[in-house]
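Bear in mind these aren't lab numbers, they're just calculated from the coordinates by the rules spelled out. Small disclaimer: the values here were computed from a predicted structure and weren't measured. FYI the Cβ positions are ideal-geometry reconstructions off the backbone, even for glycines, and counts take in every protein chain you see.
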Amino acid sequence: MPQQESRSQQLRVLFVGLRHDYGISELGPSFEYTNFLDTLLNMDNIEATLFPFDVVMREKGREEMNRQLQETVGIVKPDICFFFLFTDEITRKTIQSISRRRDTVTLNRFADDHWRFDEFSRFWAPLFHWVVTTDRAALEKYRRIDCRNVILSQWGANHFLYKHVDVPQEYDVTFVGQVHSSRESFVRVLQRSGIHVECWGRGWPNGRLSQDEMIAIYSKSKINLNFTDSSVAFNKKRMLKVFLNRRADDTIRLRSPREIVLHLETLFGKRRTQIKGRNFEIPAAGGFLLTQHADGIEEFFVPGKEIVTFVSKNDLCDKIRYYLTHDSEREFIRQAGHERVMREHTLQRRFETIFQSVLNSIPRSVPAPR
């Protein structure tokens with residue numbers, strides 16, 4: 001059932017998201033639980049309630065979970081029902097029913113429009129009053145499907161959680177994240193060049209880290225790497241996802257022919273780089289960030305002064321060697337990056353901007369979702 005942080009504040013937000021990473025309790029808290037919900041709970045003007053649809057679905061099944069969600073909306077009467085969809089756990093009928101309420105504005109954050117718009121977002125976006133995307137190129141795509149209430153909002157850092165830890169820097173170079181796409185090949189090139197990199201996350205020998213351990217690693221590392229490729233890669237697991245949809249309770253659904261075609265187009269389509277949450281989280285934790293270049297990163301940081309970017313494997317090797325031997329320059333960039341995130345790129349600031357746009361639409365000036 002929903003978990004509520006009871007505060008007497010002015011804006012009621014019901015957050016509908018995963019409690020566990022990919023809906024699997026053994027993997028620990030989800031990104032959105034640790035970052036989005038925790039930020040909402042710490043904001044002074046927000047009364048936040050969680051509806052953990054993966055937990056309820058595993059206990060009660062999909063149909064009952066959807067019924068309980070609608071019941072919860074009726075009880076909480078949120079000003080904003082803030083969704084973070086996973087697959088199709090929440091039915092279209094449920095979202096439409098909530099969007100028809102006169103006391104609630106619905107919004108969903110679409111996190112992977114760089115590669116998931118055509119196969120996912122465009123079918124679900126029309127159900128909500130508002131949608132949020134991190135992809136500037138998706139704005140035109142939303143316009144073409146007549147979604148007019150679209151907010152461009154980048155990732156940010158949960159500054160209530162990501163804090164600099166004053167510990168000795170015992171690692172030269174580290175990376176925290178899953179093994180996929182070109183990440184392993186970058187690491188192999190570094191190793192062959194004599195640069196040792198410690199890696200953590202699903203698929204690496206070191207395994208996963210807890211949230212606290214990950215934040216500590218950012219502080220313990222002289223250089224923290226980030227890669228901006230998406231998780232779309234040609235392998236056996238990804239091919240299975242083309243044909244099968246796994247929901248958060250591990251139930252499997254065979255995709256329709258149309259869905260299969262769209263997923264194949266995504267799999268074999270052109271890859272695009274993405275600005276990642278780590279671009280903000282590493283500096284927020286006081287770490288020096290060396291990140292693969294992504295389009296638009298200059299809107300958020302000054303490369304070479306607040307973070308450092310690389311564009312190729314050779315460029316990555318050269319910059320690691322340079323910054324490992326220029327301690328004072330590395331420290332200056334590390335501190336400047338931290339200050340920039342704290343000043344402009346916290347999730348609290350992102351949410352304040354999003355909610356202001358939404359609140360300006362009350363009474364409802366947004367079109368009825370389709």
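The table for this structure:
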item: Relative contact order, percent, the chain [alpha-carbon distance under 8 Å, six or more residues apart]; result: 17
item: P(r), alpha carbons of the stretch 159-202 - 5 Å bins starting at zero, rounded %; result: 5, 17, 22, 22, 14, 13, 6, 1
item: Residue 206-residue 314 FRET efficiency (beta carbon distance; Förster radius 22 Å; 0.05 resolution); result: 0.25
item: Two-decimal ratio, the stretch 267-370, of alpha-carbon radius of gyration to 2.2 N^0.38 Å; result: 1.40
item: Likely footprinting exposure, 223, 297, fewest C-beta neighbours within 10 Å first; result: 297, 223
item: Centre separation in Å (Cα based) which lies between the stretch 39-102 and the stretch 158-199; result: 36
item: Principal axis box of the stretch 166-255, alpha-carbon based, largest edge first, Å; result: 50, 30, 21
item: Shape parameters for the stretch 245-319, alpha-carbon atoms, Rg then Dmax in Å; result: 18.1, 49
item: Simple spin-label estimate for residue 77 and residue 255 in nanometres, 7 Å along Cα-Cβ; result: 4.3
item: Reach of residue 222 by Cα under 24 Å, taken over lysines that are not fewer than 8 positions away in the same chain; result: 163, 276, 305, 313, 319
item: Principal semi-axes in Å for the stretch 90-222 [√(5λ), Cα gyration tensor, largest first]; result: 39, 19, 13
item: Ellipsoid equivalent to the stretch 1-140 - semi-axes via the Cα gyration tensor, in Å; result: 21, 18, 17
item: Fewest-first sequence of 24, 354 by Cβ atoms within 10 Å of each Cβ; result: 24, 354
item: Residue-wise HN-Hα coupling along the stretch 267-283, computed from phi with Karplus coefficients 6.51, -1.76, 1.60 (Hz; x: Gly, Pro); result: 4, 9, x, 5, 7, 10, 7, 10, 6, 9, x, 4, 4, 9, 6, 5, x
item: Relative contact order [Cα under 8 Å, 6+ residues apart], the stretch 111-190, whole percent; result: 24
item: Set of aspartates and glutamates near residue 270 by C-alpha distance (under 17 Å), chain-local residues within fewer than 8 positions excluded; result: 112, 113, 118, 119, 135, 229, 295
item: Sequence-separation-based contact order of the stretch 46-170, relative, with Cα cut under 8 Å and 6+ spacing, percent; result: 17
item: Along principal axes, Cα extents of the stretch 240-284, largest first, whole Å; result: 43, 30, 13
item: For the chain, diffusion coefficient by Stokes-Einstein and Kirkwood Rh (Cα), 4 °C, 1.567 mPa s, µm²/s; result: 60
